[in-house]
Structures are given as C-alpha cells and as structure tokens.
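A short worksheet on the structure shown next.
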Amino acid sequence: MSTSAHLPAESAQAPAGPARTDGTVTDRLVEANRRYAGDFDDPGMDARPVLRVAVVACMDARLDLHDALGLELGDCHTIRNAGGVVTDDVIRSLTISQRALKTRSVVLIHHTGCGLEAITEEFRHELEMEVGQRPAWAVESFRDVDQDVRQSMQRVRTSPFLLHTDDVRGFVFDVSTGLLREIDPTD
C-alpha cells in the first residue's frame, strides 16, 4: 500500500488539467493516479465481488484491509465509516451488495484504539452549537469495542432488507499486532 510518504510532490508528466502550484495532498494523490493510470490494464471485471463477501470496517488509516485479509482487487466490497458501525447507510450498501451484486457473507471489523471510544454523543450537541444545525446522524460512539461488534452483527442479522444473514462474523483488529480476534455474538 502506498502512503503519502511515497507520493512524490512533483512529476515529470504534464498535468491533464489546470496546473496547481500549492502542492496540496490532493494534488499529490491526483499525480499518483496519473502514474497508476499510465500502467493500468482494465482487468475486465464487473462489480460483483469474486468471493461474494462484503467487509464493513472502520475508516481508520491504520487498517489496510486488502493486505490484512489477503484480498485482491475484485475480491470483496469494502464499506468503511467512522467506527465500522452498522448504520442505516451501511445497511443500504449491504442490501445493494447482496441483492444486486450477489454477495452472501458479511465480515465486520472494528479495531483497538478507535477514536469513537474517545468521543460521546455530546459531539452532536457541540456541532449544533457551533454551526446552528443539529446533525441528523448519530455519532455511534462506544466504550466497549467487543460489545459494539456484537451490536453491529445483530443489526445485520435482523435487517429485513438483507437476504443473507447466516454468515455474519465480527472481529476486532489489533492495531499493534495486526491480528484479528473473532467476537462471539452471544457473549
């Protein structure tokens, strides 16, 4: 996986669009994409994951899911958000993944040291005070990562929109060791 430390700030290629001189991180990402596209060969895949699995995980930058799970391009659908919690939008994505794109398995991955353990729903109130509008979404903060994985598994298993709820498993990824620890849904 490339990190921003591996993205050069400049390129020998001329930019395809208007030149930017401020050298933002987005400029670096766009330049990296130009290099990627220069060697890109269309793999001829469709949107259906080869392994028929959808992975729901936290957006934390320390989780390189493809590497950690031995996945290749096209193997899975990856759905990420703050905390990897199962929200209405995650159910929406899983429903499309299952019903339109034929996935059957769901893997949920939370992790140690998650930022959602450090904030509370008070965050919404603070935002309301700052911007004058209360967010429509919940923060979904938690104190017990194992229990939150169980809650996420339960949300998937009880959703009336999902066709396949028999193969739903939840894990906690240890950011220090890289190992997954499976969570028993009944504990």
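Here, each number is a calculation from the coordinates, and none is a lab measurement. What you see is a predicted model; the values in this text were computed from it and never measured. We place every Cβ from the backbone using ideal geometry, glycine too, and count neighbours over all the protein chains shown.
Data table
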read-out: Protection proxy ranking, peptides 54-66, 24-36, average beta carbon neighbours within 10 Å, highest first; value: 54-66, 24-36
read-out: Label-point separation, VAL175 to GLN133 (7 Å along Cα→Cβ), nm; value: 3.0 nm
read-out: Calculated P(r) of the stretch 33-157 - Cα pairs past 25 Å, %; value: 36 percent
read-out: Tilt relative to the chain, helix 145-157 - C-alpha long axis, 0 to 90 degrees, to 10; value: 80 degrees
read-out: ³J(HN,Hα), Karplus 6.51/-1.76/1.60, whole Hz, each residue of the stretch 44-61, x for Gly, Pro; value: x, 8, 9, 7, 6, x, 4, 8, 6, 10, 10, 10, 10, 8, 5, 7, 3, 5
read-out: In degrees, nearest ten, helix 25-38 long axis to first principal axis of the chain (Cα); value: 80 degrees
read-out: Euclidean distance of C-alpha centroids, the stretch 69-95 and the stretch 37-57, integer Å; value: 14 Å
read-out: Whole-Hz couplings from phi, Karplus 6.51/-1.76/1.60, listed for the stretch 65-75; x for Gly and Pro; value: 4, 4, 5, 4, 9, x, 9, 10, 3, x, 6
read-out: The stretch 61-112: C-alpha pair distances exceeding 12 Å, %; value: 68 percent
read-out: The chain, relative contact order [Cα under 8 Å, separation at least 6], %; value: 19 percent
read-out: Amide hydrogen neighbours beyond the local backbone of PHE171, cut-off 5 Å, H modeled; value: LEU108, ILE109, HIS110, ILE183
read-out: Bins of 10 Å from zero: percent of alpha-carbon pairs in the stretch 134-186; value: 21, 42, 30, 7
read-out: Residue-averaged [θ]222 nm for the chain, counting only DSSP H segments that reach four residues, each worth -39500 (n - 2.57); value: -8500 deg cm²/dmol
read-out: R0 of 25 Å, Cβ-Cβ distance GLU72-ASP146: FRET efficiency to nearest 0.05; value: 0.25
read-out: Angle between the chain longest axis and helix 122-131 axis [Cα atoms, degrees, rounded to 10]; value: 50 degrees
